[in-house]
Amino acid sequence: MSKFTKNKIAGVGLGLRNQHFQEFIEDKPDVPWLEIHTENFFAAGSTASKYAEKIRCDYPFSTHCVGLSLGSAEVNCPVRADHLQKVKATIDRFEPSLVSDHLSWSASDKVHYLPDLLPVPYTEEALAIMVQNIDHVQEVLGRQILVENPSSYLAYKDSPIPEWEFLNAIAEKSGCGILLDVNNIYVSAHNHGFDAEFYINQIPIEKVQEIHLAGYDVRNIEGHDVYIDTHGRRVYDPVWGLYVKAIDRFGDVPTLIEWDNDVPELNILMEEKAKADIIISKAKKGRNS
C-alpha cells in the first residue's frame, strides 16, 4: 500500500468547530493542524465549507468520518457507495494528511441509518467483514485510512476476541492505521473491567498514527457508574495519566483535543492543548537524556 498518503502532520491539533471559524481566519491561533468531521462539509458550496476552505490555506487538516459504517455486514458492498463518494469528494477538496473512521457500524441496509457508532461483535466473521470493508474504502479513496477504537457500554455475549487483538488484526490484514483514542480506552476499561494500560501495551507501535483526547460524563445506571464518551468536558486527570503512558510508548504521535458538545471558547481548548504539549515535551526530554 505504498501509494497511500503518509502522515504529514505533527503536534497537538484541535477539532475545527463553527464557533471558532472566525477566530482561525482573523487571529490565526498557534495550532499546528485542525481536524474536521467529513460529513459536515459534504456540500462544497455551504457556508461551513467556504469557511473551512479559507482556514485550510493556513492550517493542514485531518478528516474524521462518522458515517462509513465499516462494520456493516450487508451483502454486496455494505459501505454505502453514495456516502463513500461524498467522502472522497470532500477529502479530494481539502487534501487532509489523515483520514479516519471508527471500529463500529451505523447502517443496517441501504435505507436505514442510525445516528450512532454502534459496537461490533469481536468474532472472526466480523473481522473478515471489517477488513473487506476497509479494503474497499481504501481502494476507492486511493489512500490509507485510520480506524479508531470505540468507547463501549455493553458487550456481546458472543465476542471472544479481545478488542485490542481485534483492532490489531484489522490493521494487519487491511493495512489501515490506528487512531488510538485514549479517552475511549479509559471509558471502556472502566465499563468492562479490563486494564487500560495493558490495552495500550498490546497495540503495535508502528500502527498508531494519531491519538485522540476528550472528556467523558459519569451516569449512574441501575446503581452502577457508567462512563459515557461525550466529548463535552475537559480531559480528566486519569486520562492524562494514560496519555503519558501512550506517548511514552508511541512517541510524539499527532494528538487531537476533541470537544464536540457544549463547545467552549477557544482559549479553553488551547489550555487543553498546552497540557498535551507539556507531556510530549517531557517525553522528548526523557528520551534524549
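The values are calculated or read from the model by the stated rules, or taken from the named source; none is laboratory data. All of these numbers come straight from a predicted model, not from anything done at the bench. Here Cβ is always computed from backbone atoms with ideal geometry, including for glycine, and neighbour counts include all displayed protein chains.
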Ile145 vs. criteria surrounded by 23 or more Cβ atoms within 10 Å (Cβ to Cβ) and free of Cβ contacts under 8 Å to residues at least 40 places away in the same chain: no
Subset tally (residues that are at pLDDT 70 or above and either in a loop (DSSP other than H, G, I, E, B) or buried (at least 19 other Cβ atoms within 10 Å of the Cβ) (or both)) for the range 106-126: 8
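Per-residue answers, yes or no, for (1) in contact with a helix residue (DSSP H, G or I) (Cβ under 9 Å, 6 or more places away or on another chain); (2) without any contact (Cβ under 8 Å) to a residue 60 or more places away in the chain; (3) not small (Gly, Ala, Ser):
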residue: Ile178; (1), (2), (3): yes, yes, yes
residue: Val182; (1), (2), (3): yes, no, yes
residue: Ser188; (1), (2), (3): yes, yes, no
residue: Gly193; (1), (2), (3): no, yes, no
residue: Ala196; (1), (2), (3): yes, yes, no
residue: Asn201; (1), (2), (3): yes, yes, yes
residue: Pro204; (1), (2), (3): yes, yes, yes
residue: Leu213; (1), (2), (3): yes, no, yes
Which listed residue, of Ile200, Ile178, is in contact with a strand residue (DSSP E or B) (Cβ under 7 Å, 6 or more places away or on another chain), outside any loop (DSSP other than H, G, I, E, B) and not polar (S, T, N, Q): Ile178
Residue, surrounded by the most Cβ atoms within 10 Å (Cβ to Cβ), within the range 159-175, restricted to residues that are in a helix (DSSP H, G or I) and not charged (D, E, K, R): Leu167
Odd one out for His231 among (1) in contact with a strand residue (DSSP E or B) (Cβ under 9 Å, 6 or more places away or on another chain); (2) on the phi > 0 side of the Ramachandran plot; (3) free of Cβ contacts under 8 Å to residues at least 24 places away in the same chain: (3)
